[in-house]
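Okay, structure first, notes after.
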Amino acid sequence: MVQYPACAHVQANEFSSLKPSALRQVDGLPAKRLFMDKQSIELPGAAKYGPYSAGVQSGDMFWLSGQIAVEFDDVKAQTQGALDKIDSLLDAANLTRENICFAQILLADIDDFAAMNEVYGAWIDSVNIKPARAAFAAAALPAGALVEIVVQGTR
């Protein structure tokens, strides 16, 4: 009989269909499955570049997939376009910029940092507590994008 280190007293035959990560053990209580109340955040008709959700929310947390705006030619316009898509996804989930805790910004060329930052700074200026952020260059972005923006946060 296999025992899982994270919950040593739960035997494999008791929950043979569960992986160890699907078990939660609280001292004195029987092991339980963890079920995430997970919901998709989508914009009907929006372009996607793969099999993923535009956003996911679970409990009080949300994650938005990277947003790009390749319909525009320069980094400022693409940054604003990506931010506009983020606003639309937030709105679809009854969230606002105030709910964002972290932003990750990928740039095709780090020399575009100042131009992106000008647009991003204006977009986030009215938020009381600015999100933590990382911005860095990526070797390449989907569909030839110059910028991709990912956000996550809480209600």
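The values are calculated or read from the model by the stated rules, or taken from the named source; none is laboratory data. The structure displayed is predicted, hence computed values, not measured ones. Positions of Cβ are generated from backbone atoms using ideal geometry, with glycine treated the same way; all protein chains shown enter the neighbour counts. Side chains included, ligands, DNA and RNA excluded: accessible areas come from the protein's heavy atoms. Shrake-Rupley method; radii C 1.70, N 1.55, O 1.52, S 1.80 Å.
Looking at F113, F72, which is the one that is open to solvent by 30 Å² or more (accessible area, probe 1.4 Å), in a loop (DSSP other than H, G, I, E, B) and modelled with pLDDT of 95 or more? Lay out the reasoning, then the answer.
Working: F113 fails: in a loop (DSSP other than H, G, I, E, B).
After applying the criteria, what remains is F72.
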Single unsatisfied condition, Y120 versus (1) buried (at least 19 other Cβ atoms within 10 Å of the Cβ); (2) closer than 22 Å to E42 by Cα: (2)
Out of the residues in the stretch 94-110 that are touching a strand residue (DSSP E or B) at 6+ places or on another chain (Cβ under 7 Å) and either among the β-branched types (V, I, T) or without any contact (Cβ under 8 Å) to a residue 12 or more places away in the chain (or both), state the one that is surrounded by the most Cβ atoms within 10 Å (Cβ to Cβ). I100
I need a count of the residues in the stretch 31-69 that are surrounded by 13 or more Cβ atoms within 10 Å (Cβ to Cβ), at pLDDT below 90, over 19 Å from W123 (Cβ atoms) and among the hydrophobic types (A, V, I, L, M, F, W, C). 1
Of the conditions (1) buried (at least 16 other Cβ atoms within 10 Å of the Cβ); (2) in a loop (DSSP other than H, G, I, E, B); (3) of a type in the set (A, V, I, L, M), I129 fails just one. Which one is it? (1)
Out of (1) assigned to a helix (DSSP H, G or I); (2) among the charged types (D, E, K, R); (3) in contact (Cβ under 8 Å) with a residue 60 or more places away in the chain, the odd one out for E148 is which? (1)
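To keep it simple, each residue is scored yes or no on (1) in contact (Cβ under 8 Å) with a residue 12 or more places away in the chain; (2) more than 14 Å from L141 (Cβ to Cβ); (3) more than 14 Å from the chain's Cα centre (by Cα).
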site: L43; (1), (2), (3): yes, yes, yes
site: Y52; (1), (2), (3): yes, yes, no
site: G55; (1), (2), (3): yes, yes, no
site: F62; (1), (2), (3): yes, yes, no
site: S65; (1), (2), (3): yes, no, no
site: F72; (1), (2), (3): no, no, yes
site: Q78; (1), (2), (3): yes, no, yes
site: S88; (1), (2), (3): yes, yes, yes
site: A92; (1), (2), (3): yes, yes, yes
Among the residues of the stretch 122-135, is any in contact with a Phe, Trp or Tyr (Cβ under 8 Å, 6 or more places away or on another chain) and modelled with pLDDT under 95? no
